[in-house]
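Data block below; observations after.
The values are calculated or read from the model by the stated rules, or taken from the named source; none is laboratory data. Model, not experiment: these values are computed from the prediction. All Cβ positions, even for glycine, are placed from backbone atoms using ideal geometry, and neighbour counts span all protein chains on display.
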Amino acid sequence: MDTGAIAETVRDLESLVASLTELIEVQEKVVSEQSERLKQNEEALRESNDRFLAFIKEAAMRLKNPLEVVEENLAIVVNDIEHSDSEPKNVSLQLRIQIKNLEQIRKNIIELNQAIVDHSGELSEASKRFLTG
Amino acid sequence: MEFPITDIKDDEIYLIMALASDIRNENIELIKMLLARDYYVLVITTNQPYDVLKKNYEKRGIAMEKVFIVDTITKYALGHDHEPVKNCRFVNNPADMTSIGIAVTESLSGLKGKKVSLLFDSVNSMLIYISSQNITKFIHFITNRLRLLNFSGMFLAVEKGLDPDVLTQLTTFVDEVVDIDKIPQKESG
């Protein structure tokens, strides 16, 4: 092989190395972007999970427990009525309070649903209206 | 049945945990215990209206002279004012923490220099009207007022009605958590 041919081969090899280096850089960039996207997705998933858990906990405190409060209050009113232990105006007031409590519990359900709807892109408009209407 | 805690300290703040079905009775037993110890008692009621509380107290032999009440529910349920009562302040709405805060602050200031305990009935019924985040802030505010004035305080709550994280936060505001259910009850004669 003459010197000219060797020099050409070296140039070809250098060009090949340059192309491969460029390809590696591109691949590194793609991997880095994919990794970043994956990290963002994981973060979004974690946030969504945290929101969901917060919703469940707040829902339990502001729905399940209040319903128990109303149940107990109604049981007391019934007991008072059965034992003729309460004036009609007090019975009426206690029942009015339970109506207000139930109204508020319904509002709490809508408020909590709204929080979920606001962070969910996958619900249809009809479902959103049903949950928050 | 008498109130099962005997070593209540004068200016300490307690979170009292009870069953939902026992809350009304615990309110009465706590008032009786506090009055027997010469306390003036300020009751913040978010569930039982003043008229019903007064009737229940009187039926159980509790004199109202040293009992003061901030009633957050009557006016809201009636939709109009209750006739004025000497020892009770009626707040418009149980969700109006500012008005409740003002009523409590004014009531406590009026009792300055006396031996006072505040009874909050209850954390759970207030959760119907305000979020756990806001109720935590509100209880922090009230406990701060009590500590500034060296007053005692008792916050009634249903033991299974609170999220553990909220309960942990509330315990940082009080001196002691008392679980009524876990204390052997003593029958009185």
(message) Against the conditions (1) modelled with pLDDT of 95 or more; (2) surrounded by 24 or more Cβ atoms within 10 Å (Cβ to Cβ), where does B:Ile139 fall short? Just the number, please.
(response) (2)
(message) Against the conditions (1) in contact with a helix residue (DSSP H, G or I) (Cβ under 7 Å, 6 or more places away or on another chain); (2) part of a helix (DSSP H, G or I); (3) within 14 Å of chain A (Cβ to nearest Cβ), where does B:Gln133 fall short? Just the number, please.
(response) (1)
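Table: residues versus (1) surrounded by 12 or more Cβ atoms within 10 Å (Cβ to Cβ); (2) touching a residue at least 24 places away in the same chain (Cβ under 8 Å); (3) out of contact with any helix residue (DSSP H, G or I) (no Cβ under 8 Å at 6 or more places or on another chain).
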position: A:Gln34; (1), (2), (3): no, no, yes
position: A:Ala59; (1), (2), (3): yes, yes, no
position: A:Ile81; (1), (2), (3): yes, no, no
position: A:Ser86; (1), (2), (3): yes, no, no
position: A:Leu131; (1), (2), (3): yes, no, no
(request) Could you list all residues from region B:157-184 that are within 12 Å of chain A (Cβ to nearest Cβ) and under 20 Å from B:Ser21 (Cβ atoms)? (result) B:Ala157, B:Val158, B:Glu159, B:Lys160, B:Gly161, B:Leu162, B:Leu167
(message) Out of everything in region B:164-189 that is aliphatic (A, V, I, L, M) and either over 16 Å from the mean Cα position of the chain (by Cα) or surrounded by fewer than 16 Cβ atoms within 10 Å (Cβ to Cβ) (or both), what residue ends up being modelled with the lowest pLDDT?
(response) B:Ile183
(message) Anything in region B:111-142 that is touching a residue at least 12 places away in the same chain (Cβ under 8 Å) and under 17 Å from B:Tyr39 (Cβ atoms)? List them, or say none.
(response) B:Leu111, B:Lys112, B:Lys114, B:Lys115, B:Val116, B:Ser117, B:Leu118, B:Leu119, B:Phe120, B:Asp121, B:Ile142
